[in-house]
Amino acid sequence: MINPLHKSNDINRFILLFKFLKPYYLQVIIALIALIFSASIMLSIGHGLRLLIDRGLATQSEENLTATILVFLALSLALAVGTFIRFFFMSWIGERVVMDIRNTVFEHVVELHPGYFETNLSGEIQSRITTDTTLLQSVLGSSISIALRNIIIFFGGVILMLLTNFKLTVIVLISVPFIIIPILIFGRRVRALSRDSQDRVADVSTFVGESLQNIKTVQAFNHQTVAKKEFGTFTEQVFQTAVRRIRYRSILIAVAITLILGAIGAMMWVGGRDVLAGTISGGDLAAFVFYAIIVAMSVAAISEVYGELQRAGGATDRLIDLLASHSLIQTPSKPETISSDGAGQVEIRSLVFAYPSRLKHPALGPLSLTVQAGTNIAIVGPSGAGKSTLFDLMLRFYDPQQGGIYIDGINIKQLELSKLRDLMAIVPQSPTLFTGNVWDNIRYGTPSASDEQVRKAAELAFADEFIQQLPDGYESHLGEAGVRLSGGQRQRIAIARAILRNPKILLLDEATSALDAESERMVQKALTQLMKGRTTFIIAHRLSTVVHSDQIAVFEKGKLVELGEHNELMETSELYSRLARLQFKQPTPIS
């Protein structure tokens, strides 16, 4: 569940919508003019009805009847034109504004620091960008238009009713407070339930995403039955929440209809007696009944749309909460720059870091380490020693609580984020591929690279051969997360991506772990060539891949316990020698 950083209110929602509506003020003005025009025409029909009865039917003049009908048809045509313009532009505004909101929210979310997603589910965020904005689209495209039109009709109808017959108008208006008060009371409850409903839908989205992304694990453990049951529980929660919301809206509508029709019935009884007494004409009563009906219909429509607007209020609150979240990793206002011909020395000074969820248990440090430009260093140690955490800090996914990391003497916190990451390329232990073709995935970090450069990078990563054997070569789509490739093939695509980036600093996190012996030999040879002249950090569990590294840093429980070359560490480091004997299958000496 996302924790809102501040409590949003009606003003916040208005500011948000105004911000996105402002660029399209011309379309908004046209829509409002068409809305006022069509509402005015609707109100004019009442006057036409009076003329039809008093001048057409009562006078028994065919000429007057024909003229009245022609006026009525003209008003109907004008109403149709006005409604078309209103509907088109309101729908256009809804589609356009929602697209802008989606883009803005995604652009904001994609810049948030990775730590944010440790406590906020990606499925729920996705639901906010899709489901909540879809609800806003419906409201902006139709519900607001309906509400504004009916508000105009309500006030215009009341004014015309007063001009037609004051006494009958008072009878109708007496019922208005009894209609408005339930709308306000039930509307607040509908809004709260609407937000709760959207949260439950987000839970469903999160569960579906996790299950489908890990479908092999689900099926390997025969977890389908349990997954179906859990999914059924989530959907039942969505249903029950929706039922509560629907119940309140149904009560609201039923109460409004009862009061409105009751008021109209009382008004017609009094008005009918006045017609019989000759106080008012039949045309006046017919016009008044028309005005009363459209006023009643407008109140009923407003009461129904109000529920939709409350739902939209809940959705808007959720989007505001998301937009109010700030990244803890920021580019400084006056960033420093590293020379393009900088050497690439990395120095870690008295660094201490703990994850936000475990602040009392440092994952790394205190750590001090210097890696000279153009050299490579292997980071080894048991799982949980802090090796991958160091890479996260170098890329500024997190900032340390103490100390810092310096490149060519400049603290990375003083660099522009994009410039810092341009200096580096990472090949993770579990390579990340995206839905798209081979070109897209290799070119992911270097969009401007030419086809020839992509092919060259693939050849250096020994990926070109298997790529050519794919059904469509480099045009072949790899499926979600590269599901159509083997683990070794995905790894080589990731290596090609890093090669294409041509970085000063390489971060290799078990870059050859998924390869068979022959592929590992070829890729290791390519990496050896690639590492020349570049500062390289290599995380490795298989020590055979790092025995020739310039330095080997041994990590344990987040601390640097030994530093040296392979032969030196075999003599001086008990932890390293034990790891080496286990992997190289050397017998442990008997003391």
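Here are some notes:
Okay, residues lined up against (1) farther than 17 Å from residue 313 by Cβ; (2) modelled with pLDDT of 70 or more; (3) in a helix (DSSP H, G or I):
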| residue | (1), (2), (3) |
| --- | --- |
| 187 | no, no, yes |
| 204 | yes, yes, yes |
| 207 | yes, yes, yes |
| 217 | yes, no, yes |
| 222 | yes, yes, no |
| 225 | yes, yes, yes |
| 245 | no, yes, yes |
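- Meets criteria (farther than 23 Å from residue 38 by Cβ, in contact with a helix residue (DSSP H, G or I) (Cβ under 8 Å, 6 or more places away or on another chain) and either among the polar types (S, T, N, Q) or in the same structural domain as residue 150 (by TED's automatic domain parsing) (or both)) for residue 253: yes
- Residue ranges of strands (runs of 3 or more DSSP E) in the stretch 325-383 with at least 1 members exposed (fewer than 14 other Cβ atoms within 10 Å of the Cβ): 346-353, 364-371
Each row is one residue, and each column tells you yes or no for (1) modelled with pLDDT of 90 or more; (2) among the β-branched types (Val, Ile, Thr); (3) surrounded by fewer than 17 Cβ atoms within 10 Å (Cβ to Cβ).
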{"position": "396", "(1), (2), (3)": "yes, no, no"}
{"position": "401", "(1), (2), (3)": "yes, no, yes"}
{"position": "407", "(1), (2), (3)": "yes, yes, no"}
{"position": "412", "(1), (2), (3)": "yes, yes, no"}
{"position": "415", "(1), (2), (3)": "yes, no, no"}
{"position": "436", "(1), (2), (3)": "no, no, yes"}
{"position": "441", "(1), (2), (3)": "no, no, no"}
{"position": "447", "(1), (2), (3)": "no, no, yes"}
{"position": "450", "(1), (2), (3)": "yes, no, yes"}
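- Residue among 164, 119, 133 that is closer than 21 Å to residue 23 by Cβ and hydroxyl-bearing (Ser, Thr, Tyr): 133
- Scanning the stretch 18-47 for residues that are in contact with a Gly (Cβ under 7 Å, 6 or more places away or on another chain) and within 16 Å of residue 91 (Cβ to Cβ), we see that the one that is modelled with the highest pLDDT is 34.
- In the stretch 551-578, the qualifying residues are those that are within 45 Å of the chain's Cα centre (by Cα) and not in a strand (DSSP E or B), and the one that is farthest from residue 389 (Cα to Cα) is 557.
The values are calculated or read from the model by the stated rules, or taken from the named source; none is laboratory data. Everything numeric here is computed off the predicted structure, so don't read it as measured data. Here the Cβ is made from the backbone with ideal geometry for all residues, glycine too, and neighbour counts use every protein chain on show.
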